[in-house]
There are 2 protein chains.
Amino acid sequence: MKVVVVGAGLAGLAAGHELRRAGAEVVVLEARDRVGGRLEGGEIEGFPIDLGGTWIGEGHTRMHALVEELGLETVRTWNDAGKVLVQLGRRRVLVEGAKGAVPRLNPVALADLAQGLARFGRLARAVDPDQPWGHPRAELLDGQTFETWIRRNLRTPSGRAYFRVATEAVFSADASDLSLLHALFYAVSNTDLETLLAVDRGAQQDRVVGGAAVVADRLAVGLDVRFSTPVAMIAHGDTGVTVTTHAGEGFAADRVVVALPPTLAGRLRYDPPLPAWRDQLTQKLPAGTVAKTFAAYPTPFWREQGLNGQVACAAGPVKVTFDVSPASAEIGILLGFVEGGEARRWQRLTEAERREAVVDSFVRFFGPQAARPVAYVEKDWTSEEFTRGCYGAHFAPGVWTSYGDVLRPPVGRIHWAGAEYAVEWNGYMEGAVRSGIATAQEVVDTVRPAQRRKRSQTSVTR
Amino acid sequence: MKVVVVGAGLAGLAAGHELRRAGAEVVVLEARDRVGGRLEGGEIEGFPIDLGGTWIGEGHTRMHALVEELGLETVRTWNDAGKVLVQLGRRRVLVEGAKGAVPRLNPVALADLAQGLARFGRLARAVDPDQPWGHPRAELLDGQTFETWIRRNLRTPSGRAYFRVATEAVFSADASDLSLLHALFYAVSNTDLETLLAVDRGAQQDRVVGGAAVVADRLAVGLDVRFSTPVAMIAHGDTGVTVTTHAGEGFAADRVVVALPPTLAGRLRYDPPLPAWRDQLTQKLPAGTVAKTFAAYPTPFWREQGLNGQVACAAGPVKVTFDVSPASAEIGILLGFVEGGEARRWQRLTEAERREAVVDSFVRFFGPQAARPVAYVEKDWTSEEFTRGCYGAHFAPGVWTSYGDVLRPPVGRIHWAGAEYAVEWNGYMEGAVRSGIATAQEVVDTVRPAQRRKRSQTSVTR
């Protein structure tokens, strides 16, 4: 069996790897001159940084196994020493790092927030991540924005600010952009909202030593990856597929796995064209809006102030930060996320203005010592032609109930893979790998019965 | 000056026409083997029908002028004799055709509906269609779905049903799909919700004799239109553009007008890639979901029953119908719209099942005489590779406030045109023509100062 995989991100590589294991002949077509997709290695002052996907969370078993299998190691995200700085209203509070998910606020705001989190949790637990549209009140939940739910269920400005900052941090989108049902689905797909926000025992628990992109690099070893080969068209029929590149080169195969973010999968031409529902689905799965920014300092000076480098703040452009200094602490590196509406405003500034705005945020959080980084690096994922937004796609109101059931099934000989297709750990590296493996299995399974049919037909003919 | 226009729909043709008038050399590249885009002529029993855009409303001055200029004529939509059939709850009511916008219901539902319409109207009048994001409470209005507003502001099932059926009829989308701000923008761009729904003095007032597509056909006369020429890539820079087709042919020009629906404009490749904000905008402008269905009968028999062929019903698949019989009434033709969620379910049926479902709707509305049409025609616009949904794009929550200001401005030498870009009569043929003309003017204006600059530089050099 011959399979073409479009896209050498984590899902495409995992699918390719798994297909090869099953004996298939695999070619991976990659638009960029590197593998990894939304994983990319960078460096600041000679130390490796993750320009894209970074963390492996608790329960991300496939990723942990893969890291071990590929001879790599993880380190814990800096979390133990020092406190998280939280500023949702006027007042700053410091929270023990290990318990950062719910900050200490004034009693009224705290009660409001606790009640909101409990309500959200109850709602989320009733959603089946395999088919969110199956919820008995799916249309009601999908007919409103997450913002509408926040306004109705949180009463205090700090409680609302917490949910909005959390939404930006988790979805790199604003609460107005999301269907409530999608927010619930995503939470339950990743255990719960608290896990999504947590470091220890949460989604930000571990980092790969050397950078997450090394996982993709090693996974690609032995695979036939064609670089700088953007795909223009996929012709498909009863007997096979032909994938044609923008340069006009054709690759014939039995099956194709399109391992692109949905919005990019929708930009290819298909012959015959995709069914209406599949095309309209990809029209409705926009990617989030996020840039990662890094500033390096001679030392992780914030640690001396009793801070662990983590911030959650209602005022931007940077609202969420992490300490991503090397384990040796030879230098200090702060990571700042610019997300959603903040990213849209920030993107249109000049490079010098963008850097200034980010450093200003760091100074606001960590004091004047943050004013003069020795180096600054930024990566705006929405500007990348072959990604067009991170971390992943989000579902606007109405989309899960209208098109959810056509998200995962293949269209004839065209199969789909990516973090957006995962039932568990949707949106994470773990979800991408699980989706890639599941899709490879789906491809293998569709061929096996056909071979059986062929064999039995042959015996009848004989 | 040389200009390439991508797309020979009404906006592209109007732009091409206007550019030629201004002395530009124009090539129009069209993916299909016909002009018209979302306008297409069809026939049933030898009589012409509009498979796509149909009506010219009151106030659509450019379209009326164009029809006259091109030697064409309009007829009034059948509306005078007979009554509109409305069924929003259990009870059917008949309403005078000329006053169809607000049905007579029980007093409680009527008061609810009247209050809802008045509230919506007040809200809409405060929105500036040129910049909906400028409304003082824009984020609040854009942070919720139209469905949320309907649930909050309408109390009776019939009142809510009216708004939902109206949403489907006007947007070919469900109230859950739309931002409240978008619903308000669209209403005010087209005068008000009542005008959008009305026939006489409304958006459905007139039809073009012979079909609306004839307007496109005649507008194309004299223009250099290249058929079956889908565009793959637009290279653009400081000195000009090169538009490359999927077949590899290149067209060099000073400027390019992309007159495609936004979701299709987002599928082209651009070199250099478009800025993040423009790309993310087109990721977030999905097209509506609609099919038009037609059944022909020996006579317009419903007229004898005192009905004018117009229906608004809360139960589908067909919820809205019109009498589109020829003026001579030689035969009777019913037009039935299948929209939003109804269209998504209906699309997946077999052709025979689809026809049966439509005819069943007609029988429910007009009795057993509707059971045996002499002919049946359907057109599903979401299945069309080079349209991918009608009538037009809709803005989900958060999109107007996040990306509204980058909708209309050109990106370097790339200009945009289409019904989605119109300030007035957005979404209609009138809006498409106005947008095409405005964009042509924008192109001409950007060249003029450059020529002036060149001239003055020359004189300095001399």
Might you check whether a residue that is modelled with pLDDT of 95 or more and not polar (S, T, N, Q) occurs anywhere in the stretch A:191-205?
-> no
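Only one residue in A:Thr145, A:Thr167 is buried (at least 23 other Cβ atoms within 10 Å of the Cβ), over 21 Å from B:Phe146 (Cβ atoms) and under 21 Å from the mean Cα position of the chain (by Cα). Which one? Quick ask: steps written out before the conclusion?
Details: A:Thr145 fails: over 21 Å from B:Phe146 (Cβ atoms).
Just one listed residue meets the conditions, A:Thr167.
Identify, please: which residue in the stretch B:235-264 is assigned to a loop (DSSP other than H, G, I, E, B) and within 26 Å of B:Ala22 (Cα to Cα) and is, among those, nearest to the other protein chains (Cβ to nearest Cβ)?
Keep residues of the stretch B:235-264 that are assigned to a loop (DSSP other than H, G, I, E, B), which gives B:237-240, B:246-249, B:254, B:259-261.
Within this subset, residues satisfying the condition of being within 26 Å of B:Ala22 (Cα to Cα) are B:237-240, B:254, B:259-261.
Details: B:Gly237: 16, B:Asp238: 19, B:Thr239: 22, B:Gly240: 21, B:Asp254: 24, B:Ala259: 19, B:Leu260: 13, B:Pro261: 10 Å.
The extreme case among them is B:Pro261.
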Selection count, the stretch A:202-234, where residues are under 16 Å from A:Val28 (Cβ atoms), part of a loop (DSSP other than H, G, I, E, B) and either among the hydroxyl-bearing types (Ser, Thr, Tyr) or touching a strand residue (DSSP E or B) at 6+ places or on another chain (Cβ under 6 Å) (or both) = 3
What do you reckon, is B:Arg91 over 29 Å from B:Thr191 (Cβ atoms) and in contact (Cβ under 8 Å) with a residue 40 or more places away in the chain?
-> no
List every residue pair whose Cβ atoms lie under 6 Å apart, where the two residues are 6 or more positions apart in sequence or sit on different chains, the first residue falls within the stretch A:398-409 and is at the interface with chain B (Cβ under 10 Å from one of its Cβ atoms), and the second residue, located anywhere, is part of a loop (DSSP other than H, G, I, E, B) and crowded, with 20+ Cβ neighbours inside 10 Å.
-> A:Gly398/B:Asp174; A:Val399/A:Lys284
Of (1) surrounded by fewer than 18 Cβ atoms within 10 Å (Cβ to Cβ); (2) over 30 Å from A:Pro317 (Cα atoms); (3) in contact with a helix residue (DSSP H, G or I) (Cβ under 8 Å, 6 or more places away or on another chain), A:Ala220 satisfies all except one. Which?
-> (1)
Does the stretch B:325-374 hold any residues that are in contact with a strand residue (DSSP E or B) (Cβ under 7 Å, 6 or more places away or on another chain) and within 14 Å of chain A (Cβ to nearest Cβ), and which are they?
-> B:Val338, B:Glu339, B:Glu342, B:Ala343, B:Trp346, B:Gln347, B:Arg354
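Filtering the stretch A:31-87 down to residues that are of a type in the set (Phe, Trp, Tyr) and surrounded by 21 or more Cβ atoms within 10 Å (Cβ to Cβ), which residue is modelled with the lowest pLDDT? Give the steps one after another, and end with the answer.
Of the stretch A:31-87, the ones of a type in the set (Phe, Trp, Tyr) are A:47, A:55, A:78.
Subsequent filtering for residues that are surrounded by 21 or more Cβ atoms within 10 Å (Cβ to Cβ) retains A:55, A:78.
On the way: A:Trp55: 95, A:Trp78: 85.
Restricting to residues being of a type in the set (Phe, Trp, Tyr) and surrounded by 21 or more Cβ atoms within 10 Å (Cβ to Cβ), the top hit is A:Trp78.
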Would you check if A:Gly288 is touching a Ser or Thr at 6+ places or on another chain (Cβ under 6 Å), free of Cβ contacts under 8 Å to residues at least 12 places away in the same chain and within 14 Å of chain B (Cβ to nearest Cβ)?
-> no
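Here are some residues: B:Gly46, B:Gly71, B:Gly16, B:Gly36. Which one is farther than 30 Å from B:Thr156 by Cα and within 16 Å of the chain's Cα centre (by Cα)? Quick ask: steps written out before the conclusion?
Working: B:Gly46 fails: within 16 Å of the chain's Cα centre (by Cα); B:Gly71 fails: within 16 Å of the chain's Cα centre (by Cα); B:Gly16 fails: within 16 Å of the chain's Cα centre (by Cα).
Going through B:Gly46, B:Gly71, B:Gly16, B:Gly36 in turn, the sole match is B:Gly36.
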Scan the stretch B:415-425 and give yes if some residue there is surrounded by 24 or more Cβ atoms within 10 Å (Cβ to Cβ) and farther than 19 Å from B:Ala287 by Cβ, otherwise no.
-> yes
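Having 1 or more residues that are on the phi < 0 side of the Ramachandran plot, polar (S, T, N, Q) and more than 22 Å from the chain's Cα centre (by Cα) is the bar; report the strands (runs of 3 or more DSSP E) wholly within the stretch B:304-379 that clear it. Steps first, answer last, please.
Numbers: elements: B:307-313, B:318-323, B:332-339.
Because the criterion is at least 1 residues that are on the phi < 0 side of the Ramachandran plot, polar (S, T, N, Q) and more than 22 Å from the chain's Cα centre (by Cα), the strands (runs of 3 or more DSSP E) in the stretch B:304-379 that meet it are B:307-313.
Report yes if A:Phe120 is more than 14 Å from chain B (Cβ to nearest Cβ) and at pLDDT 95 or above, otherwise no.
On the way: more than 14 Å from chain B (Cβ to nearest Cβ): yes; at pLDDT 95 or above: yes.
When the stated conditions are applied, A:Phe120 passes them.
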For B:Glu420, which of the numbered conditions (1) at pLDDT 95 or above; (2) more than 25 Å from B:Glu58 (Cα to Cα) fails to hold?
-> (2)
Can you name the residue in the stretch B:6-30 that is of a type in the set (Val, Ile, Thr) and surrounded by 21 or more Cβ atoms within 10 Å (Cβ to Cβ) and is also nearest to B:Pro230 (Cα to Cα) among such residues?
-> B:Val6
With A:Thr382, A:Thr387 as the choices, which residue is assigned to a helix (DSSP H, G or I), within 11 Å of chain B (Cβ to nearest Cβ) and under 18 Å from the mean Cα position of the chain (by Cα)?
-> A:Thr382
Out of all the residues in the stretch B:153-201, which are away from chain A (no Cβ under 14 Å), assigned to a helix (DSSP H, G or I) and of a type in the set (Ser, Thr, Tyr)?
-> B:Ser158, B:Tyr162, B:Tyr186, B:Ser189, B:Thr195
Only one of (1) surrounded by fewer than 16 Cβ atoms within 10 Å (Cβ to Cβ); (2) at positive phi is not met by B:Ser172, so which one is it?
-> (1)
Could you check, for the stretch B:266-280, whether at least one of its residues is in contact (Cβ under 8 Å) with a residue 60 or more places away in the chain, away from chain A (no Cβ under 14 Å) and either assigned to a loop (DSSP other than H, G, I, E, B) or not hydroxyl-bearing (Ser, Thr, Tyr) (or both)?
-> no
Would you check if there is a residue in the stretch B:9-22 being in a strand (DSSP E or B) and assigned by TED's automatic domain parsing to the domain that holds B:Ala417?
-> yes
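The values are calculated or read from the model by the stated rules, or taken from the named source; none is laboratory data. Every value quoted in this text rests on a predicted model; they were computed, and no experiment measured them. Cβ: placed from backbone, ideal geometry, glycine included. Neighbour counts: every protein chain shown.
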